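Below is one structure, written out as structure tokens; comments come after it.
The values are calculated or read from the model by the stated rules, or taken from the named source; none is laboratory data. Since we're looking at a predicted model, the values are computed, not measured. Backbone-built Cβ (ideal geometry, glycine too); neighbour counts: all protein chains shown. Surface areas here come from the heavy atoms of the whole protein model, side chains and all, with no ligands, DNA or RNA. Shrake-Rupley method; radii C 1.70, N 1.55, O 1.52, S 1.80 Å.
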Amino acid sequence: MKKTWLRNIGLGILSVFLFTLFLPSVASADAVVGETVVTLGQDLTQQERQAILNEMNVPNDVKIIEVTNAEEHQYLGKYLSKATIGSRALSSAKITLTDAGSGIKVQTHNITTITNAMYANALITAGVKDADVYVTAPKPVSGTAGLTGILKAFEAATGTKISEEQKQVANEEIVRTADLAKQIGSEKATQFMLKLKEEVAKQQPQTPEEFRDIVVNVAGDLNINLTNQQITQLTQFTQNLSNLNINWDNVSNQLKNFQDQFQQVLNSKEAQGFFAMLVDWFWKLVEWIQSQFR
């Protein structure tokens, strides 16, 4: 149990902090710490709605907005079949804004495929930061549609707009990671996506061939056998990710904050052994980033 907990903590930290360094954040000038917004699937029955609100333990004055099945198809339709997405919006979410620098914490209930780390990683891609997130459904569901509600809730809570490009790439990331997880497990799939994004940031490829080489090489490094279809899909994903215009100007200032928070976890004796391997490849990236500013 303890080893599983440590693995989840490790993946969660890397997911949340690593790409906070690389990807543009959504401005949240109107954000208020403690602000909570709930999204409910439009097709929930009245009984299901009330049960979910009770489960979330939300007060009566919390803002509630609905997520429609049409919105789920809008953001997932490029990557999943209509049958897979379904015809009913059931996934619901609660998001609470937290102090600056606190990161993203995710909890789920009745979500069978998308892990907490997968959600956190995709939310970072969408520019979300500093929030407690809870995703649930009245019955077991895959969770692929859950990201739509979380992003909608974040926009409502902060009074800002997440770009359509970021939403699309974040949803694509959820789908691609979930697809890999069926083959290699959720933890290794999350590790692969992190490493993939690391290499895109480091190498800054320009041509489709260069993006494809990164996908193939990262898979090889992690002993993952990808099909030609997966390689093609992931090559397109990395190109879409690169088009989000990674902001290198923010990297130098954020490195210090990351190092301090990451070191607090490393101080745990139980964690040190597990993190040793992950820290090795991470600090190689840190050293490379720092060299760009010398």
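Scanning the stretch 212-222 for any residue that is modelled with pLDDT of 95 or more and within 20 Å of Lys78 (Cβ to Cβ) turns up at least one such residue.
If you go through the stretch 65-96 and keep only what is surrounded by fewer than 22 Cβ atoms within 10 Å (Cβ to Cβ), in contact (Cβ under 8 Å) with a residue 60 or more places away in the chain and within 20 Å of Glu55 (Cα to Cα), you end up with Ile65, Thr96. The sole residue among Glu173, Glu164, Glu155 that is open to solvent by less than 10 Å² (accessible area, probe 1.4 Å), under 25 Å from Ala131 (Cα atoms) and not β-branched (Val, Ile, Thr) is Glu173. Considering each residue of the stretch 165-217, count those that are within 24 Å of Gly127 (Cβ to Cβ) and in contact (Cβ under 8 Å) with a residue 12 or more places away in the chain, and give that number. Qualifying residue count, the stretch 165-217: 37.
One residue stands out among those in the stretch 128-153 that are touching a residue at least 60 places away in the same chain (Cβ under 8 Å) and β-branched (Val, Ile, Thr): the one that is nearest to Ala51 (Cα to Cα), which is Thr136.
Only a single item in (1) open to solvent by 90 Å² or more (accessible area, probe 1.4 Å); (2) within 26 Å of Asn116 (Cα to Cα); (3) modelled with pLDDT under 80 is not met by Trp283, and it is number (1).
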